Amino acid sequence: MPPLLTRVKEIPRGRLILAGFAVLLLFCCFRATVRGDGVGYYSYLPTIVAHQSFDVGPTFDQFIANNTPVNPIFLQITLPNGLTANFKPVGSALMALPFYVVAHLVLIFVVPGSQSPDVGSEYQLAFTAASLFFVALALILIYRFVRGLWGRDAAVLATIGAIFATPVVNYIFFEASYSHNFTIFATTAFALYLYQTRENRRHYQWLLAGALGGLATITHAQEVLFLALVPFEAGWQIWHRRWTVRLIPGYALFLVGALAPGLPQLAMDRVLFEHWLPQSAPNIFFDFLHPHLWDMLFSTRHGWLSWSPIVAVAALGMPAVVRRLQWFGAGLVAIAVGELYVNASLSDWWGGAAFGARRLTDQTLLVALGLGAVFAFLLQRRLARLVYAALAAGIAWTVLLLGTFYYIIANDTGPTWRDFLVDQLHAPLFTPRLFIQGTVLREVAMGDIFRAFYSGLIILAVVGAALWLGTRADRSRTSARPPVAGLPLRSVRATQALP
């Protein structure tokens, strides 16, 4: 029997069924197109790589000419230097650069002239495949970290909840060209690497941690708050008398590493806007004295809890997270509170015409940790039915909201609570359409079997690469001792994290 077939037979049937369901979901739902805000993030790539220019205007014009769903107002702002303004940061394009370059070289040397480097479907697939790769890798890292804290069963359910009961599901499957998947990876990789190297961090580790943190900040400006994990660690060390002056060179290296990824952003801002600091869109400003905190949480216009009630369940697990992870848990909670306040202070606190509290999807790690703590507590007390009920309710609410958002809500102004709930009753008529949005399924329906095969192969390849990398991460740096079978959660909480 061939070795590959032998390995496949050794895989538990449950995992094979789960893998088959995941593949089917990707083929039916994953939309490999660039649209909306994604046009701004993506357009740096064809502009610089294919056209060797800094003017994104021609690329913007092609998307507008193709009737791409996008707000053209912000794609047609001509600057005093004659260039077209692009207010999106460069981090997503920088992370997707290898994927775009490979696609560009293949299409030049293998099938020349077959695709426009601006709006060609293969190029859009390359960008969205990069987004899928990074978010898949982030979710694997999150699952492994949560598993080390609360056990496998709780970790599986918590990861499922963090994906399918929050806005993350929308940006994995339907709007992969937005920056959120790249941001989830960058913030998760930075936070976990910083925590896992907390004991006797070497110079190169300080530098790499800084680079990961800097990369997160150029995917979205608010991610600069994640750098506060370093002061939280330092404060904990001072409190426990573990801080020494020997750490000062490490902080300097961390700062150098954090600044390095910002150089492309500074260069682009200097060329486009003739300023060294990033420029915000004309209609966006802060009002820190009058934050919309209540609306940010409970409004029908993308409130974090009203659109993702499972976040409230995760909040119940925060005390256990802080007890177990100490400065790291406290830092993550403080960052989440800070981000909530910052986003509530924005003039467009609802995040524009997008699904849910999308700017808080970078809290996926914290949400999964909180859900893991709550689910572990309930599972150990044989309350599995309560866990499954909460998870099923959260997923159902999100799926119904997806149907409402894409097919019922006409004006994104926040309906009354009555209309919001009534729309949910009508949503089941439209939710089946969500499962025919996938690029692969649509290419098959159009009879383009070769293109469908190519798209499916790329999607499976990037997910497979993410699985391979995630499962082969260095297990010697597991952040915490796995819970002992049958051990009450109160004992697990008291267990100190292993160095």
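The values are calculated or read from the model by the stated rules, or taken from the named source; none is laboratory data. None of these values were measured; they are calculated from a predicted model. As a convention, Cβ positions derive from the backbone with ideal geometry for all residues, glycine included, and neighbour counts pool all protein chains shown.
Limited to the range 147-200, what total is found for residues that are in a loop (DSSP other than H, G, I, E, B) and of a type in the set (Phe, Trp, Tyr)? Give the steps one after another, and end with the answer.
In the first step, residues of the range 147-200 are kept if they are in a loop (DSSP other than H, G, I, E, B); the result is 151, 165-167, 174-179, 197-200.
Then drop every residue that is not of a type in the set (Phe, Trp, Tyr), which leaves 174, 178.
Selection size over the range 147-200: 2.
Please state which of the following conditions VAL322 fails to meet, knowing it meets all the rest: (1) farther than 13 Å from VAL146 by Cα; (2) in a helix (DSSP H, G or I); (3) in contact (Cβ under 8 Å) with a residue 12 or more places away in the chain. Condition (3) is where VAL322 drops out. Restricting attention to the range 268-319 and to residues that are β-branched (Val, Ile, Thr) and not in a helix (DSSP H, G or I), the residue that is surrounded by the fewest Cβ atoms within 10 Å (Cβ to Cβ) turns out to be ILE284. Please tell me if PRO117 is in contact with a helix residue (DSSP H, G or I) (Cβ under 6 Å, 6 or more places away or on another chain) and surrounded by fewer than 21 Cβ atoms within 10 Å (Cβ to Cβ). In short, yes. State all residues of the range 138-168 that are buried (at least 24 other Cβ atoms within 10 Å of the Cβ), β-branched (Val, Ile, Thr) and either farther than 19 Å from LEU325 by Cβ or at pLDDT below 95 (or both); if no residue qualifies, say none. Once the filter is applied, which keeps residues that are buried (at least 24 other Cβ atoms within 10 Å of the Cβ), β-branched (Val, Ile, Thr) and either farther than 19 Å from LEU325 by Cβ or at pLDDT below 95 (or both), the range 138-168 yields THR166, VAL168. Can you tell me which residue in the range 191-220 is nearest to CYS29 (Cα to Cα), limited to those that are of a type in the set (Val, Ile, Thr) and buried (at least 24 other Cβ atoms within 10 Å of the Cβ)? This residue is THR219.
Filtered by the rule that a residue be within 28 Å of ARG359 (Cα to Cα), part of a helix (DSSP H, G or I) and not β-branched (Val, Ile, Thr), the range 201-221 gives TRP206, LEU207, LEU208, ALA209, GLY210, ALA211, LEU212, GLY213, GLY214, LEU215, ALA216, ALA221.
Restricting attention to the range 31-50, the residues being part of a loop (DSSP other than H, G, I, E, B) and touching a helix residue (DSSP H, G or I) at 6+ places or on another chain (Cβ under 7 Å) number 5.
Close contacts from the range 379-391, counting a first residue that is under 14 Å from ARG152 (Cα atoms) and a second that is assigned to a loop (DSSP other than H, G, I, E, B), with Cβ to Cβ under 8 Å and a gap of 6+ residues or different chains, come to LEU379/GLY151; GLN380/GLY486; GLN380/LEU487; GLN380/PRO488.
Considering only residues in the range 76-96 that are of a type in the set (A, V, I, L, M) and surrounded by fewer than 18 Cβ atoms within 10 Å (Cβ to Cβ), the one that is farthest from the chain's Cα centre (by Cα) turns out to be LEU79.
Of the residues making up the range 413-432, those that are part of a helix (DSSP H, G or I) and farther than 15 Å from PHE355 by Cβ number 10.
Just checking, how many residues over the range 34-66 are surrounded by fewer than 22 Cβ atoms within 10 Å (Cβ to Cβ) and not small (Gly, Ala, Ser)? Within the range 34-66, residues that are surrounded by fewer than 22 Cβ atoms within 10 Å (Cβ to Cβ) and not small (Gly, Ala, Ser) number 12.
Can you find a residue that is of a type in the set (Lys, Arg), closer than 24 Å to LEU289 by Cβ and either crowded, with 19+ Cβ neighbours inside 10 Å or touching an Asp or Glu at 6+ places or on another chain (Cβ under 9 Å) (or both) anywhere in the range 356-367?
Applying the first criterion (of a type in the set (Lys, Arg)) to the range 356-367 yields 358-359.
Checking which are closer than 24 Å to LEU289 by Cβ leaves us with 359.
So of that shortlist, the ones also either crowded, with 19+ Cβ neighbours inside 10 Å or touching an Asp or Glu at 6+ places or on another chain (Cβ under 9 Å) (or both) come out as 359.
Yes, because at least one residue in the range 356-367 is of a type in the set (Lys, Arg), closer than 24 Å to LEU289 by Cβ and either crowded, with 19+ Cβ neighbours inside 10 Å or touching an Asp or Glu at 6+ places or on another chain (Cβ under 9 Å) (or both).
Whenever a residue of the range 425-452 is under 22 Å from ALA22 (Cα atoms) and free of Cβ contacts under 8 Å to residues at least 40 places away in the same chain, its partners that are acidic (Asp, Glu) and part of a helix (DSSP H, G or I), lying with C-beta atoms within less than 8 angstrom and at least six residues away or across chains, give the pairs ILE449/GLU443; ALA452/GLU443. Checked against (1) farther than 26 Å from ALA354 by Cβ; (2) assigned to a loop (DSSP other than H, G, I, E, B); (3) modelled with pLDDT of 95 or more, LYS88 meets all criteria but (1). ASP269 meets the conditions (1) within 16 Å of ALA344 (Cα to Cα); (2) of a type in the set (Asp, Glu); (3) touching a His at 6+ places or on another chain (Cβ under 7 Å) in every case but one. The failed one is (1). Only a single item in (1) polar (S, T, N, Q); (2) within 30 Å of PHE30 (Cα to Cα); (3) without any contact (Cβ under 8 Å) to a residue 12 or more places away in the chain is not met by THR188, and it is number (3).
Could you tell me whether LEU225 is modelled with pLDDT of 95 or more, within 20 Å of THR187 (Cβ to Cβ), surrounded by 14 or more Cβ atoms within 10 Å (Cβ to Cβ) and of a type in the set (A, V, I, L, M)? Can you show your working first?
On the way: modelled with pLDDT of 95 or more: yes; within 20 Å of THR187 (Cβ to Cβ): yes; surrounded by 14 or more Cβ atoms within 10 Å (Cβ to Cβ): yes; of a type in the set (A, V, I, L, M): yes.
Criteria met by LEU225.
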